[in-house]
Amino acid sequence: MTDTKNITPDTSVEICGVKFKNPVITASGTFGFGKEYAEFYDINLLGGICTKGITKERREGNPSPRVAETPMGMLNSVGLQNPGIEGFIKEDVPFLNTLGTVVIANVAGKTEEDYCYTVERASALDCVKMVELNISCPNVKAGGMAFGVLPESVEKITAAVKKHCSKPLMVKLSPNVANISDNARAAENGGADCLSLINTVSGMAIDWKSRKPILANVCGGLSGPAIKPIALKMVYETRKAVKIPVVGMGGIVTADDIMEFLVAGASAVQIGSANIFDPTAGLNLINELTNLMKRCSINSVREITGSLKI
C-alpha cells in the first residue's frame, strides 16, 4: 500500500487553459507589480501575480491617510494609484517578462471606452496571461454608480470589454450588491471566462475624539479576516450560479482558509491583506498548503474544489 504522506501533492490547477503551479495568487492592490516582494523571496514560486489596478491614464490616488487598521482587518482608500497603461508597459513589463509565474493584469476605468482601450493594450502583452476586470469603479457617465452594482451594467461592460480582450477575461465581483448570483450570471452572459470575488466591503473608521473620519476619503474598502465568512458565502453562491471557474479571496491567512475556499467552489485563491502584514505570506501559504495536503493524504488540490457536503 502506498504511503500518500511521503508523496509530494499535486498543487497545480488550470483555469481557462492557463496553468498555475499552485492555487496561490497574489491579489490586486496588495502586491504592486511584484518588484518589492521579489526582494523577500522567489515570487516565481507563486501560482500567479495579479497586478495593481491599471488605468488608461496615470493616477496619483486619493489623499492620505488612505489606510486604517481595524479589528481583524484593514480599510483602504488608495484610489487606484498607478502609472497608467503606458507607464506600466515602460516601467513594469520588462520585470514581469522575466518571471516564471502567471501574470494577471487587473484593469480599471472611469468609462467603457477607458476599460476597452486599457484591456486591449494589456491583453496584447506577452507576459500577461489573463486580464482581471475591476468593475467596482465609479462609472462617470452613469452618475458615479459603480459598473459592478447592477446586473445589467455588469453584463454590458463585460460584453464590451470582451471584444477587446485577447486573453481569458476574469471579472472581479463586488460584494456591495443586492444579489451576487445575479451579478455573476450577468458577467457570464457578458462573456466572462471566469470570475474572482470578493472585492472589498464598504466601510469606514472614525476618530471619535476629533469627530473626524480616519480616512481622508471618509470611506474605504474593508479587507482581511473579518470579511472571510462573507467571501465564503458569496463564493459558494456564485459557484452554484455559474458554469465558469471561480477564484476566491477575502481574509485568507492560513492554509485552512485556502481549503475552505476550495471546498466552497473556488478553483484558486487570491491573497490580499496577508501580503501587507507579512511580505512572505504567499510563500508561507504555499508551503503550509503542501504540508497540510500531505498530513491529510490529499494527492491533488483539484479534488477539493466544490466538495462541500450539504
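The values are calculated or read from the model by the stated rules, or taken from the named source; none is laboratory data. This one's a predicted model, so the numbers in the text were calculated from it and none came from an experiment. With ideal geometry, Cβ positions are generated from the backbone for all residues, glycine too; neighbour counts draw on all protein chains shown.
Within segment 200-225, take every residue that is within 19 Å of Pro175 (Cβ to Cβ) and among the small types (Gly, Ala, Ser) and give me the one that is surrounded by the fewest Cβ atoms within 10 Å (Cβ to Cβ).
Looking at residues that are within 19 Å of Pro175 (Cβ to Cβ) and among the small types (Gly, Ala, Ser), I get Ser202.
Ala216: outside any strand (DSSP E or B) and closer than 25 Å to Pro138 by Cα, yes or no?
yes
Hey, could you check segment 177-186 for residues that are over 17 Å from Gly248 (Cβ atoms) and under 20 Å from the mean Cα position of the chain (by Cα) and say which is surrounded by the most Cβ atoms within 10 Å (Cβ to Cβ)? Full working, then the answer.
Our first condition is that a residue be over 17 Å from Gly248 (Cβ atoms); within segment 177-186, this holds for 178-179, 182, 185-186.
Adding the requirement that they be under 20 Å from the mean Cα position of the chain (by Cα) leaves 179, 182, 185-186.
Working: Asn179: 11, Asp182: 15, Arg185: 18, Ala186: 24.
Checking each candidate, the answer is Ala186.
What single numbered condition from (1) of a type in the set (A, V, I, L, M, F, W, C); (2) at pLDDT below 95; (3) within 15 Å of the chain's Cα centre (by Cα) fails to hold for Val149?
Only one criterion is unmet by Val149, namely (3).
Go through segment 156-201 residue by residue and tally those that are over 14 Å from Val235 (Cα atoms), among the polar types (S, T, N, Q), free of Cβ contacts under 8 Å to residues at least 40 places away in the same chain and out of contact with any strand residue (DSSP E or B) (no Cβ under 6 Å at 6 or more places or on another chain).
Counting residues in segment 156-201 that are over 14 Å from Val235 (Cα atoms), among the polar types (S, T, N, Q), free of Cβ contacts under 8 Å to residues at least 40 places away in the same chain and out of contact with any strand residue (DSSP E or B) (no Cβ under 6 Å at 6 or more places or on another chain) gives 1.
Scan segment 98-117 and tell me whether some residue there is more than 19 Å from the chain's Cα centre (by Cα), outside any helix (DSSP H, G or I) and free of Cβ contacts under 8 Å to residues at least 24 places away in the same chain.
There is at least one residue in segment 98-117 that is more than 19 Å from the chain's Cα centre (by Cα), outside any helix (DSSP H, G or I) and free of Cβ contacts under 8 Å to residues at least 24 places away in the same chain.
Suppose we keep only residues that are out of contact with any Ser or Thr (no Cβ under 7 Å at 6 or more places or on another chain), of a type in the set (A, V, I, L, M) and not in a helix (DSSP H, G or I) within segment 226-248. Which one would you say is farthest from Phe20 (Cα to Cα)?
This residue is Val242.
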